[in-house]
Amino acid sequence: MSSLTWDLTLAGLSVGSAAALTGVGLIVTYRATGVLNFAHGAIAMVCAYVLRQWVVEWGRPLWAGAALTLLVLAPGLGVVLERLVFRPLSVLGGDPAQTLVASIGVFVLLVGGAALLWGQGARDDAPELVAADPWGQLAIVLVLALGVGAVIRRTRFGRELRAVVDDRRLAVLGGIDADRVAAAGWAFGSFTAGLTGVLLAPYVRLDPYGLPLLVMEVLAVAVAARMRSLPVAVLVALTIGVAQSQLTRLHPSGWGAPLLQAVGANLFVVALLIASLVLPGVGTRDGLPRTATARVPTPPGAWIVAAVLFLLPLGFAGPDLHTSVQVPALGVVLLSLVVVTGRGGQISLGQAAYAGLGALFTALLAAGRFPGLPRLPELAALALAVFLVAPLGLLTGWPAITRRGLALALATFAVGVGVSRFVFAQPYATSGLTLGRPRGFDGDRAYYVLELALLTLALLATHALRRGRTGRALAALRDHEQGASAAGVRVPALKLLAFVAGAALAALGGGMLAMGLRAFDPSAYDPVRSLLWFAAVTVLGADSTLGALAAAALLVGLDAGARGGVAAALIGVLAVLVGRFPGGPYDALRTLTERLRPPRRTGLTPLGSRVRHRLRTTPGAQAQTPAGAPAPGPTPTPAQASGPAPAETPAPAPVSRPARAPAPVGVPAPSPDATPAPDHATAPHHTAAPADGAAPPQGPPAPPDRDSRTGGAGGNTRTNPAEGRGVLTAHDLHARYDGFTALAGVDLTVPPGRITAIIGPNGAGKSTLFHCLAGTLRPTRGQVRHNARNITHLSPHARTRLGIARTFQQLAVFPTLTVTENVRLGAEQGHIEDPSATDRALRLLRLDGPLRDAPAAGLPTGTLRRVELARALAGTPSVLLLDEPAAGLDTAEVAALTRVLRALAADGTALLVVEHDLDLVADLADVVHVMTAGRIVASGPPAHVLDTLDARETAV
C-alpha cells in the first residue's frame, strides 16, 4: 500500500508540475499586460505539434527541435501576439471586452489552424522531452518560479513590471517602456505554455481540441493565487495534482459512483468552479464601464436577403440539405448570445453547456428516461426541456450580479467546463442516446420547415427583449452599469433575466440540433464550442440578430467541407483584428467604402451666393439682426408665461471674490446650445461659443405650466415648493477603505427648495459622502434617511425609485440609445405614468427638436451633461444629487445650468452639489459645507464661508 501511495504521489507531482507551469505563465502574462491569456492552452498545443513534426515526421534531433520550439517559436509567438493583437488594443484604451475577444480569437485561430494543418485526429506518438520521473519536471517548475520571483523583486525590470501593473499610464509618464515590459511578459508566458505542451503531450491525447482544453482547466491554479502570487500557484497546483492522483484508488459503488469518479478525476475543474464562483472575483480593473458607440445600422434590404438565403435550402437534396438542417438550430443558440452579451453586455462563455443540456433533456424526455416523467412526444419533450433548462441560467446569472469583466468570464467558463465534465461525460449521456424527430417532420425538408418556424419564434422573442422598456434597460446595463442603476434599473434582476432568457434560447437551439442529428453527441457541446460561438457572435455583431444568423451559416457552411477547422480559423482571424476594427467587419467595410468614395463638391445656392455678397459688401452687417430672428431683449420663459410663479429661494449674498453675476429673476436662461448675444459694452469683438464646437439644433420652448417653473420636470406642482417634499439627511456617517478613514462622523441635511453645496480639497471625503448618499457605497457606521425612513441599506435603484436621483462626475449616458431613449429610461424606471414626463424634461433642458432622435454617441460634452440631467429629472425626483455638474462646460452652458438648477429649487427640489468651481458655488448655493479629512469643518451661507476660506488662504 505504501508503494502504491508513493507511486501515485509521484504521478500527482508530475501532473501538478505541468499545472504549476501553466499558472506561472498565466500570472506573469497577466501581471505584465493585464490580459488573461485564454490562448495559453492553444499555444501549448501548437508547440507540442511542432516538436512532434520535427522529431517524428521529419526525423530531426530532439534537442534541436526542443531548442527551436521553446526558445524561438514559443517566445516569438508571444511577441508577435503582443505587437500585432494586444498592443493596438492597449492604444485604444484596453477595453476589457475587446481584449477578451482578442484572446479568445487567438485561441480559436490556433485551434482551427492546427486542425487544418495536422487534422482533427488524436496522436499518441509525441516525443518525450523529460523522463516520466516527476523530479525533473518539479525542478523545472521550482527553478522558473524562483527565477521569476527574483527578477520581479530584485531587478530594475521587476520594478518596472510592478509599476506597469499598478498603473500603466503613470508608468509611461515616468519614462518606463510599457510596451517592452508587455512584450517580455508575453514572451515568457508563451515560453511556459510551450513547455507545458511539450511536457504533457507524451502522456495525453495530442489533438487540436483536447490538449488546449486540458491546459485551460488548470486556470484554477492562477485564479486561486489571485493572479498575483507565484508561490501560491505552485503550491495549489502540486496539492491538487497529488490529491487527484490519490483519489484514483477509490472505487465507490452505487448510483452515484460514476459522478464521484468523475469528481475525483477532475479535481482541477472542481477547483476552477470553487475559485471562480466562491472566491472574490479577480480582474477588478476589468470592471469599469466599457466604451460603447452608436449601434451600426442594418444595411438596407439585409433582412430580405437573409430570408431568401434561409429559404434556399428548401431546394437542396441529399447531403447539402442534411447539412443545412444545422443552420437554423445553431442560429437559435447564437441568438442567446445576442440577448446575454450583445444587448445585456454580460460575458458568457458557457452557452454550449445550456445548449447541451437542452439536447440531453430533450433526448431523455423523448426516450422516457428522465427521472419521474413518462415518455413524451418530441415537440413536447423539447418544450419541457427548455422550461427545465431556463432556471439553470441562474448558475451563471447569479455570479454576474457581483462579477464583471474577467471575473464573469472565468465564472461562466467554469460552469461550462463543469457541465461538460460532470454531466455530459456520464454513462447515461454517452451510451448511444438517440433521438427521433417529431411526427410528420421526419424528412430533412419537412424538419427544416419546422426549424424555420421555431427560428422565427426565437427571433420574435429576441426582438421583444431588445426593444421597448426591457430593451432600453438592457442597453443601459450594457453601456454603463452604474448609470443604469442610478436611473432606476434593477440591475441584479435584469442580469438574471438576461441569463435565464439566454439559457432558454440556447436549450431550444440545442434540442433542435440534437433532433436534426437524431442523436445526442456530447462533443458537439464541449467548452471549446462556447469560445468559438462567443467569438463568432462578437466579431460579426454581438447586438445584431442578423450577425448571429450569419455566424451560424458561416460556422456550418465552412466546416461542411472535407477539412474541419476552416470556420474556426476564419473567426479567429476576425477576432484578433478587433483592435484594428473595433466596430466589426461590416463597420470596417462601410468605413472603407466611405473613404474610397470621391468627395462631393459643395457650393452655395444662387440665393446663398447673393446673401453672402450682400453681407460682404454691407457695412456693419455682422452686427445686424438676421431676418426672422427675434428682437434683442428678454423673452418670456415658460415660467413667466405661466403667470405667477412659486416663491423663489432668496439669492445668495454677494461675496468678496470674483464670481459670476447671478441673472435677475425673470431673465430667461439661454440655451447651452446657442451662442450668447455679444455684450457690446464689454466684449465688442467676440462672443462666447460652446467649447464643443457647433451648437446642436434647438427645439421650441416648453408650453406654459401654471404651477411650476420647470414645467413639472422637477416633480412638484404645489403652490408652496417645500410642502410635502423629501428631505435627505445623514447621521454620524463613517467610512473606511483598507484602514484609511474616509468619513469620520459626518452629519448633513439636504432640505427641500434649497441648493446645498459641498466643497473641499481632493481626498477630503466629498466623493465618499456623495456615494453613501446615492447608495453606491455602504457606510461602516451611521445612517442615511429620506424623510423618516432609514435607507442606509437600500440599493441605488431603490433610492432612485424613492425620488433620489443623481448625476455623475464622469458622464453616465448610454451611447447606443438616442437622446429621447436616454431620458425616457429615467421616466420608465422611476415608474412615472405621466407620458409627458419625458417631453417636459427634454423641453426644460432644450433637447427637443431634431436633437431628440440623435444617438447619444458623439454628442458634445455640454449636450451630454443636459441629457444626463434630463434623464434624472424625467423621474420627477424630490432630491437631486449632482457630482461636479459643470465639469466640461463652457461659460454659457454653466450659466444656463445655473438657471435650471435655481428653477428646480424654486419648485421645491432638494439639491446637493459637489463642486470644485468656487465661483459657481458662490453664484448658486444657499448653504455651503466645507469638508477636510472626512469631516465637515465649516458650514453656512456662501458669502460667509468663502470669505473665511479666502482669509485663511491669505494668512497662509
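The values are calculated or read from the model by the stated rules, or taken from the named source; none is laboratory data. Bear in mind the structure is a predicted one, so any value in this text is a computation, not a measurement. Note: ideal-geometry Cβ built from the backbone for every residue, glycine included; neighbour counts use all protein chains shown. Keep in mind that these areas ignore ligands, DNA and RNA; they rest on the heavy atoms of the full protein, side chains included. Shrake-Rupley method; radii C 1.70, N 1.55, O 1.52, S 1.80 Å.
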All-pairs Cα distance distribution in the stretch 728-954, expressed in whole percent, bin size 10 Å: 8, 33, 36, 19, 4, 0
By average C-beta atoms within 10 angstrom, highest first, the peptides 143-150, 268-275, 444-451: 268-275, 444-451, 143-150
Inter-centroid distance (Cα atoms) of the stretch 32-61 relative to the stretch 900-918, Å: 62 Å
Residues of the stretch 926-944 with amide N under 17 Å of a point placed 7 Å along Cα→Cβ from Tyr737: 931-935
Heavy atoms of Met515: accessible area, 1.4 Å probe, square angstrom to 10: 0 Å²
Whole-percent carbon and sulfur share, accessible surface of the stretch 323-526, 1.4 Å: 66 percent
Full-extension gain in nm, Ser609 to Thr9, via 0.36 nm per residue minus C-alpha separation: 206.9 nm
The stretch 436-444 - phi-based ³J(HN,Hα) in whole Hz, Karplus 6.51/-1.76/1.60, Gly and Pro as x: x, 9, x, 4, x, 10, 6, x, 4
For the stretch 828-835, 3J(HN,Hα) per residue [Karplus equation, 6.51 cos²θ - 1.76 cosθ + 1.60, θ = phi - 60°, Hz, x = Gly/Pro]: 5, 6, x, 6, 8, 7, 5, x
Relative contact order %, the stretch 323-526, counting alpha carbon pairs below 8 Å whose residues are six or more apart: 46 percent
Sequence-distant residues sharing a close amide H with Thr932 (under 5 Å, placed H): Val937
Relative contact order of the stretch 728-954, defined on C-alpha pairs under 8 angstrom at six or more residues apart (%): 30 percent
Environment charge at Leu321 (Cβ cut-off 13 Å; Lys +1, Arg +1, Asp -1, Glu -1): -2
Fraction of antiparallel bridges per DSSP, the stretch 728-954 only, in percent to nearest 5: 55 percent
Rg and Dmax of the stretch 323-526, Cα atoms only, in Å: 17.0, 53
Label-point separation, Asp442 to Trp58 (7 Å along Cα→Cβ), nm: 5.6 nm
Protection proxy ranking of 53-59, 398-404 - average other beta-carbon atoms within 10 Å, highest first: 398-404, 53-59
Separation of the Leu117 and Val151 label points, Cα + 7 Å toward Cβ, nm: 2.5 nm
Per-residue HN-Hα couplings for the stretch 448-464 [Karplus 6.51, -1.76, 1.60; θ = phi - 60°; Hz; x = Gly/Pro]: 5, 4, 4, 4, 4, 5, 5, 5, 4, 4, 5, 5, 5, 5, 5, 4, 5
Extension reserve of the Ser939-Asp177 stretch, reckoned as 0.36 nm per residue once the Cα distance is removed: 269.5 nm
